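Structure, as structure tokens:
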Amino acid sequence: MYGRKGFKLISELDLYSDILPFNEALIKEILQEMQSLYDANVANSNAIRNDNNMALLPSVQLRHIALKRNKRCILAYIYNRMRKLKELRWELGSILPPEINTNLINAEVQWFQSYNKSLAKYMRSLGEDHGFNLTTNMVPPKTLYVEVKCVEDFGKLELDDGQVILLKKNTYHLLPRSVCEPLIRQGILEHKST
Amino acid sequence: MKQPLASTQPYVPLRLRRTQKPYEAEIGIEHLSFGTLHLTSFYTVLYSISNHNPTCWSSTEKFLITNNFLCEISNMENNGDVQMTAEDDVQEEEEVTAQSVLLAIEEAWLNEKFAPEILPHRSDLVDCMLQQITHMEENMKRLDKEDLRLMIHRMELDRIKYVITNYLRARLEKIEKYTIHILSQEATRSSEECYLTVAELQFAKEFLANIEMLFKTIALQHMPGNFQTFEVDTLTVKPNLQAYVFLRANDRINGIIVPGSMDEEIDLEPGSQHIIQYSAVADLVKSGAVKLI
Amino acid sequence: MFVENLERGFYRLVKHDRCLLLVNFDVDAICACKILQLLFKYDNMMYTLVPVQGVQDMVRAFEENCEEVKNIIFINCGGTLDLVELLQPAESVIFYILDSHRPYDLCNIYSEDQVRILGKPDEDDEIPEYNDVFRDDDSSDENETDEESASDRSQTKRRRLNEEDIVKRAGRREWSEKRATILFNYTQYSYYGKSSAMIMFEMAWNMTKDNLDMIWWAIIGSTEQAILGKVESRLSVLDEGFLQAHVSRLTHKKGAEVDKQQQQQSTVKITYDKEYPFESNFCVRYSLLLVLYRHWTVEDSLRHSVPTAVSLRLWSLRGEQRLKGLLADMGLPLAQSKQRFSAMDLALRQEFKQMVEKLAGKYKVDTIIGTSFTLQYGYKFKYCASDIVYAMLALIESSSKTKLPQGCFLDALDCLSRTKKDILESGIEKAKLMLKTVFKTAQTILQLKEIRNTGSFLYVIIPEGSADNFIFAHPYPLMMLAQFTLKAYVDSSKNRRAPELPLVASAVYNAEERMCIMIGIPPVCEDQPRSLFGRAFEQAAKNTNSYIDADYFDSTIIRLKIEERPKFLDALASLLA
């Protein structure tokens, strides 16, 4: 009561760094709590207005603050999940891995898609014709080619000049940095520096 | 603001200059006397000084290097008679070379990186540079694969691309963080003096709309009565303009009032370096009189 | 086709395209590959490296990666196989072979263009003439290179004279008999040639792209050959001189300060630019060939080094006493000898080398004094080339159910870079464990007298069941064990013929599939480590109709079913008798 559940919701965010399944049950409970607080407030404020019973005013105020706090908690919860999702977009690209996708609710998936859309629109507007990809070159470039070890089977990779390379677990390659960058971020390749 | 660096010794001169001239941190230290509140800011200052240790500086500084790369590549195989259209356009308006565009964009990038709030956009520079990049890539295709220059040029191109992407990313991050604040500020500006480009503005608006949509569908619509509103005021995040920044003065500036003090004023000599609250120099950064480092 | 000028005939040709590196699981191959990788990195050449453990692995790796790759480089694999036949490559693909296994397959040698062997043919390779081996039956009449002149035979054919025909057929029969003998002589022995890492280093040197790291890797590659007895000692001494010259050249280039006194000990000290807080030393000096002694205790190191263990007969109880005696003679307290070498008293540590040298003659362990290279990098990083070889061997063979062999290979590769000290340390720990197991198993074998003599060769079967014995499923520990037991047997046996006998060792490879691994090593008395077991195994398998899995590039290592082992050994005995 009075925002305790909201606190639980927020601490869940704080405890885990990755995206957990959306806690719909808890949100529903908080919404119910808000509803009952609100109903009580409506009843009390009616009482105040009708009977001029000023003694009820402090409790109305308390409930109002609890309501506001609950709302803030829920919104913070949603906002922070969204932020993590946004980071994933920059890290992994426009397609989410299934293990994350299953933890999202419909509205979030929709938000992700529209974020994708507006980001893509923005990137297309840059440069002259085919746009400019902002998700490459995330780290300052040091060399043109990097030595990488393949940690997971990936399959075929096509380079800019059309060459095809098979990335298989436990093989070692020297590849152009720009091609490797997203794969290193996805954890398929491991950067080896000597 | 021309940097007299020999291209053979790319990084050393910068570091030397920094170690020769100790930080002029007197402003920060005077703040100490104002009580506990400033103590924390003092710590942040100390912390950032230690972070600014020259040996820790990575690529950021490296990009400040002036080189003749752009000149060379634009003249490469053109024998000087065929000039790029992009450059021509700009040249007609004002005398701008590819090299100075690069320098300007590097300065804009550093400013954007270190300033807490969003700065006026420099899409002119970005567009020009992007055109240059495409042009250079075209030029490079004509080079022999074995040519040593090719490697160097590609490396340099990668660095320029990094500067541009990082600059644009920094702006996007700020837009996403301070969406409501930026949009409301933007609404008060006329189309000539607005900070965002058209595309950025659209992105910001869409971003805000998406968030509102998300909030509404998940939570707000289920809330009782007047709690359903999307309260713009309470959701606004504002940049911390009181943050301390490192800067170097380009021109001589007189009479900056030190924030927090009653009427203390300082003057900045050209080339001198300072640590000061951003709010005191925000206008100077925007006008280009100082640059953040 | 041999390519002698590697820069022109190999490096410049592969420079334009992406290449595929297929690297065998051995230390020399890894070192050669590391040198090549560094060169490729300097020149921004894309490559794909796939570790291959055996023939099947190689074929699979080739099939998976052959698309769009024009240059395929085989390091320490493939030279002994007919690659064109085996892999069926597209016309445009070119194979470059850098292989220390001998003999080369003749099809590889006489391939016109597609297969190129890097390096010179060795003088003692005795490669048969082309005409003696190849003769296309259908087109023999047009074949101008045949012994008979072409015009002569075309005329005989036109005349279709029966007599001539018979003569021709007889000639052909004679030729093919001769061919069989030549081929038999050529392929009879399997042995090793010059270290691949050395060849790569020479190439780098010719291109003036060599540096200290590369020479260090070349040193490790050739040290491995010496440690595992792959090449005769004459060759490795020559190599050592060559390497030493390069070390001094390279260190001088760096602006060295050479102390006169140290120069007398043929020690080279190099100091990098003063700005760097470390110095890097490369030493070659008369040093102790004790395994890992810098990273172990003196007692353990003495016990697990082959020369001391054999001369002192450390597997017996008396041997143990002799070891104590040696330590006492040296004046090394027992408590100190049980401490890590690095934790021993400074005075003892400094005198250790002289103490051993003084007593070497008395205890007949002269062989532990020899030359070796040491790399020092900073103050903490001081390793002997042999230390690294043992560490890498242990890393290569550390595959288990959870770790794929290819992963171990890459660990061994990492262990060569100076920045990956932790991997090297873990390798050294693994090496200690491996040496301990080798010694313990050999001790059991010798005490229980499990070495059997068939008259023509010795064999030993490592008993199943012991928990430590799983490491003998890998070829290198088994090879080390075989060499150790053979030397110990020869040293302690009363049989005068013992030094002339080769040894076959066998251990369980996979208990569930009932497979065992078998390895043959040449006798002690031969200075030239040529082993006839490659062919003998093949022949014995044919005679007994048993299936052997000769997947390893070293043909003296095979796998077969455990049930068939007794039968196989019998066949081998009758074959070699």
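Every read-out reported here was derived from the displayed coordinates using simple, explicitly stated rules and does not represent laboratory data. This one's a predicted model, so the numbers in the text were calculated from it and none came from an experiment. Glycine also receives a Cβ, built like all others from the backbone with ideal geometry; neighbour counts cover every protein chain displayed.
Suppose R0 equals 51 Å. What FRET efficiency, 1/(1 + (r/R0)^6) with r the Cβ-Cβ distance, do C:Lys403 and C:Gln354 give to the nearest 0.05?
With a Förster radius of 51 Å, E is 0.75.
Label point 7 Å out from B:Thr188 along Cα-to-Cβ: which residues of segment B:229-246 have amide N under 20 Å?
B:232-243
Compute the Kirkwood hydrodynamic radius of segment A:32-102, taking the inverse of the mean of 1/r over all pairs of distinct Cα atoms, and give it in Å to one decimal.
Hydrodynamic radius (Kirkwood, Cα pairs) of segment A:32-102 is 15.1 Å.
Around C:Val3, which amide H atoms from residues at least 5 apart in sequence, or from another chain, sit under 5 Å from its own amide H, with H modelled in the peptide plane?
C:Ile117, C:Leu118, C:Gly119
For the pairs A:Lys149/C:Lys382; A:Lys142/C:Lys34; B:Lys113/B:Lys238, note any where the Cα-Cα span goes beyond 23 Å. Walk me through the numbers on the way to the answer.
Working: A:Lys149/C:Lys382 28 Å; A:Lys142/C:Lys34 21 Å; B:Lys113/B:Lys238 17 Å.
In this structure, A:Lys149/C:Lys382 lie more than 23 Å apart at Cα.
Please give the FRET efficiency for A:Glu91 paired with C:Asp82, using the beta carbon to beta carbon distance and R0 = 45 Å, rounded to the nearest 0.05.
Between A:Glu91 and C:Asp82 the formula returns 0.35.
Any of C:Lys324/C:Lys487; A:Lys192/C:Lys194; C:Lys353/C:Lys421 with alpha carbons more than 28 Å apart? Name them for me.
Violating the 28 Å Cα-Cα cut-off are A:Lys192/C:Lys194.
Dividing the convex hull volume of the alpha carbon atoms of segment A:99-194 by its residue count, what do you get in Å³ per residue? Can you show the working numbers first?
Details: hull volume 13.4 nm³, N = 96.
Per residue, the Cα convex hull of segment A:99-194 comes to 140 Å³.
Note the full-extension length gain between B:Arg252 and B:Asp124 as 0.36 nm times their separation in residues minus their Cα-Cα distance, in nm to one decimal.
Values: separation 128, 0.36 × 128 = 46.08 nm, distance 2.67 nm.
Going from the current span to full extension adds 43.4 nm.
Please list, by residue number, every one of the trypsin sites (Lys or Arg not before Pro) in segment C:353-437 that is coil in DSSP and has at most 13 other beta-carbon atoms within 10 Å.
C:Lys362, C:Lys364, C:Lys380, C:Lys401, C:Lys403
For peptide C:73-84, what's the mean number of Cβ atoms from other chains within 10 Å of each residue's Cβ?
Mean partner shielding for this stretch: 0.
For C:Lys168, go through the lysines and keep the ones whose alpha-carbon is under 24 Å away, minus same-chain ones fewer than eight residues off.
Partners found: C:Lys157, C:Lys178.
Peptide C:405-412: average number of partner chain Cβ atoms within 10 Å per residue?
3
Once you order the gyration tensor axes a ≥ b ≥ c over the Cα atoms, which shape class does chain C get: rounded for a/c under 1.5, otherwise prolate or oblate by comparing a/b with b/c?
oblate
Grab the DSSP H runs of chain A that are 4 residues or longer, score each as -39,500 (n - 2.57), total them, divide by all residues and round the 222 nm result to the nearest 500 deg cm²/dmol. Don't jump to the answer; show the numbers that get you there.
Numbers: 6 runs with 109 residues, N = 194.
It comes out at -19000 deg cm²/dmol, rounded to the nearest 500.
Quick one: work out the % antiparallel among DSSP beta bridges in chain C, nearest 5. Write down the numbers at each step before the final one.
Details: 35 of 60 bridges.
Antiparallel bridges: around 60 percent, rounded to the nearest 5.
List the GluC sites (Glu not before Pro) in segment B:130-237 that DSSP assigns to loop (not H, G, I, E or B) and whose Cβ has at most 16 other Cβ atoms within 10 Å. Which are they?
Here the GluC sites (Glu not before Pro) that fit, given the DSSP loop and packing criteria, are B:Glu146, B:Glu192, B:Glu193, B:Glu231.
Please give the FRET efficiency for C:Arg249 paired with C:Lys120, using the beta carbon to beta carbon distance and R0 = 30 Å, rounded to the nearest 0.05.
0.85
Taking amide H positions as placed 1.01 Å from N in the peptide plane, with prolines and chain starts having none, which residues 5 or more places from C:Tyr96, or on another chain, fall under 5 Å of its amide H?
Here the answer is C:Ile72, C:Ile73, C:Phe74, C:Arg116, since their amide H atoms fall under 5 Å of that of C:Tyr96.
Around A:Leu159, what is the net charge, scoring Lys/Arg as +1 and Asp/Glu as -1 over all other residues with Cβ under 11 Å from its Cβ?
My count for the surroundings of A:Leu159 gives -2.
Please label the shape of segment C:2-128 as rounded, prolate or oblate, based on the square roots a ≥ b ≥ c of the eigenvalues of the alpha-carbon gyration tensor (a/c under 1.5 means rounded; beyond that, a/b larger than b/c means prolate, else oblate).
rounded
Just the Cα atoms of segment A:145-192, one point each, no solvent: what log10 I(q)/I(0) does Debye give at q = 0.15, 0.16, 0.18, 0.20 Å⁻¹?
These q points yield log10 I(q)/I(0) values of -0.30, -0.34, -0.44, -0.55.
Separation between the B:Ser272 and C:Thr444 pseudo-spin-labels, each 7 Å from Cα along Cα→Cβ, expressed in nm?
Result for the modelled spin labels: 8.3 nm.
With a cut-off of at most 16 other beta carbons within 10 Å, and DSSP calling the residue loop, which GluC sites (Glu not before Pro) in segment C:1-64 qualify? Please list them. Before the final figure, lay out each step's value.
Working: sites: C:Glu4, C:Glu7, C:Glu63, C:Glu64; in loops: C:Glu4.
For GluC sites (Glu not before Pro) across segment C:1-64 that sit outside H, G, I, E and B with at most 16 neighbouring Cβ atoms in 10 Å, the list reads C:Glu4.
Taking each residue of A:139-148 in turn, how many C-beta atoms of other protein chains fall within 10 Å of its C-beta, and what is the average? Provide the component values of the computation, followed by the final result.
On the way: counts 4, 10, 10, 6, 5, 8, 8, 1, 6, 0.
Partner-chain Cβ atoms within 10 Å, mean over residues of A:139-148: 6.
For labels at C:Gln56 and A:Lys28 in the simple 7 Å Cα→Cβ model, what's the distance in nm?
5.5
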